[in-house]
Amino acid sequence: MTFETIRYEIVDGVARICLNRPEHRNTMNVQMMRDILSALDLADADDAVRVILFHGAGRMFCAGADLSAGGETFDYDSRAGGSSGPVRADATIDYAHPEVRDGAGLMTLRIFNATKPVIAAVHGAAVGVGSSLITAMDARFAADDTKFGFVFTRRGIVPEGASTWFLTRQVGIGTALDWCLSGRVFPAQEALEKGFVRSLHPEDQVLDAAMAYARELATNTAPVSVALTRQMLWRMAGADHPMMAHRLDSRGVYVRGRMADAREGVTSFLEKRAPRFTDRVSTDMPDFYPWWDEPDYF
């Protein structure tokens, strides 16, 4: 599959999605959103892919939304050429209309639903959608000169990409309020201190650091176990009681303990060799997955 605004390649079991509009500072437009969604689908469906890694071409990761439409950038009705879209005849808004959906949120929700770990190597700038996109990822590696910013209040809008949900879980409500209310741009060191990024690196080494982490996951972990664990952690973040996690853990341990990967994990450890996991995400997910679709699960 070819893409207009990104590059997609698989290296050592890692699907690398490179934002590739360097002449526009990798700003996000509708085509890039569509390309990212397609690439995520492609990577998630491929058992050869163990980790998904985002990075950016050129001087920065992503400088935010493409503002070439000027003051109408966020006015979807104006950009639709006068089409009524979600606006009803009586001038009320149909909030269930698909054109109301925030494009950044479509991407972060797709990342949230991924069965593979998703990580980022960012440099230069990751502001606006460049920041909100990575809130849904599992690990963020940053160049030490990277600038971050949830700048939406300074653009007259509100945070997008479901970042109000993801960011509070990453850094806590106090920091999320500071960053989102002020809309200020902040340095990589602050992002590290607040736990938003995993580590800082020189710009020419940040991609290598992220790849080293991705290879570690791809080499040493069982893909079905990783897929389940990732969803367990994210979805239990808002659980009301530890018993909810206990019920889910119990299902997972019981089912995975009967599979080939559990035997291989123990045997390879005892034999002091690298594991050879054979269970596949495409065919060997347990019968209770996805458990969140069961209305009476809890």
Which order do Lys194, Lys116 fall in if you start with the one that has the fewest other Cβ atoms within 10 Å? Lys194, Lys116
For region 6-217, share of DSSP beta bridges that run antiparallel, in % to the nearest 5: 30 percent
Under the Karplus relation with 6.51, -1.76 and 1.60 and θ = phi - 60°, whole-Hz ³J(HN,Hα) for region 143-159, x at Gly and Pro, equal 5, 5, 9, 5, 10, 10, x, 9, 8, 5, 5, 7, 10, x, 10, 10, x
Using only the alpha carbons of region 256-297, determine the length spanned along each of the three principal axes and report them from longest to shortest in whole angstroms. 43, 18, 13
Show me, for region 168-184, the HN-Hα J-couplings you get by feeding each phi into the Karplus relation (A = 6.51, B = -1.76, C = 1.60, θ = phi - 60°), rounded to Hz, glycine and proline as x. 4, 6, 7, 10, x, 5, x, 5, 4, 4, 4, 5, 7, 5, 6, x, 6
With label points set 7 Å from each Cα along the Cα-to-Cβ direction at Tyr76 and Leu37, the distance between them in nm comes to 1.1 nm
Hey, what did region 222-293 get for relative contact order, percent, Cα under 8 Å, at least 6 apart? 39 percent
Ile157-Thr92 FRET efficiency (beta carbon distance; Förster radius 30 Å; 0.05 resolution): 0.90
Amide H contacts under 5 Å for Ala114, restricted to residues at least 5 apart in sequence or on another chain and with H modeled in the peptide plane, are none
When you have a sec, figure out the Kirkwood radius of region 222-293 from all distinct Cα pair distances and drop it here in Å to one decimal? 13.2 Å
Of Gly161, Gly174, Gly130, the most mobile residue in a GNM of the chain (C-alpha springs, cutoff 10 Å) is Gly174
Going from the fewest other Cβ atoms within 10 Å to the most, one would list Ser225, Ser163, Ser68 as Ser68, Ser225, Ser163
Please report Arg276, Arg16, Arg230 as a ranked list, fewest other C-beta atoms within 10 angstrom at the top and most at the bottom. Arg276, Arg230, Arg16
Scoring only Lys, Arg, Asp and Glu (+1, +1, -1, -1) among other residues with Cβ under 11 Å from the Cβ of Ser282 yields -4
Karplus (6.51, -1.76, 1.60) ³J(HN,Hα), θ = phi - 60°, over region 36-49, in Hz, Gly and Pro reported as x: 5, 4, 5, 5, 5, 4, 4, 5, 5, 8, 9, 5, 6, 8
Given 4 °C and 1.567 mPa s, how large is the Stokes-Einstein diffusion coefficient of the chain in µm²/s, with Rh as the Kirkwood radius over Cα pairs? 63 µm²/s
Mean separation of Cα contacts under 8 Å, 6 or more apart, over the residue count of region 6-217: relative contact order %: 20 percent
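No lab work stands behind these numbers, since they all come straight from the coordinates. Predicted, not measured: the structure shown is a model, and the values here were computed from it. Counting neighbours? That spans all protein chains shown, and the Cβs are built from the backbone with ideal geometry, glycine included.
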